[in-house]
1. List, please: which pairs have Cβ atoms under 7 Å, are six or more places apart or on different chains, and start with a residue in the range 1-24 that is loosely packed, with under 10 Cβ neighbours inside 10 Å and hydrophobic (A, V, I, L, M, F, W, C) and end with one that is at pLDDT below 75 and not in a strand (DSSP E or B)?
2. Can you tell me which residues in the range 37-53 are out of contact with any helix residue (DSSP H, G or I) (no Cβ under 6 Å at 6 or more places or on another chain) and assigned to a loop (DSSP other than H, G, I, E, B)?
3. What pairs come out if I take residues in the range 54-80 that are closer than 26 Å to residue 39 by Cα and in a helix (DSSP H, G or I) and pair them with residues that are among the acidic types (Asp, Glu) and at pLDDT 95 or above whose C-beta lies under 9 Å away, six or more apart or interchain?
4. Please state which of the following conditions residue 52 fails to meet, knowing it meets all the rest: (1) at pLDDT below 90; (2) surrounded by 10 or more Cβ atoms within 10 Å (Cβ to Cβ).
5. So is residue 58 farther than 17 Å from residue 26 by Cα and modelled with pLDDT under 95 or not?
6. Does the range 1-46 hold any residues that are at pLDDT below 80 and in contact with a Lys or Arg (Cβ under 7 Å, 6 or more places away or on another chain), and which are they?
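The values are calculated or read from the model by the stated rules, or taken from the named source; none is laboratory data. Values in this document were obtained by computation on a predicted structure and should not be read as measured data. Note that we place each Cβ from the backbone using ideal geometry, even for glycine, and neighbour counts take in every protein chain shown.
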Amino acid sequence: MSIDEREHIIISDDLVLVKPLNWTTTAVDCDICGYALRDQSDVACYQKWSCCTDCRDTVVWPNKEKWLEGWRPEKTEEDN
């Protein structure tokens, strides 16, 4: 990776953050349940399904066809 493909963010005189220009962050919370992603398997699941592994197993798989068409469960007052 060349220097032109990286962004340098100067935090202080002693600290410089270097990251690829195309670097993006992953969410830290599940879009469905709102709980924090727990581990790398949750992060990988989120990148594919936009939810944690628990929600994938309980919400996505039983509704896979609807999910792939864009369906998402409605948020209720109890969820908030």
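1. Matching pairs, first to second residue: 21/5.
2. Step one: filter the range 37-53 for residues out of contact with any helix residue (DSSP H, G or I) (no Cβ under 6 Å at 6 or more places or on another chain), giving 38-40, 43-44, 46-48, 50-51.
Result: 38, 39, 50, 51.
3. Qualifying pairs under 9 Å: 54/42.
4. So the condition that residue 52 fails would be (1).
5. On the way: farther than 17 Å from residue 26 by Cα: yes; modelled with pLDDT under 95: no.
So residue 58 does not fit the description; no.
6. Correct list: 6, 7, 18, 19, 20, 21.
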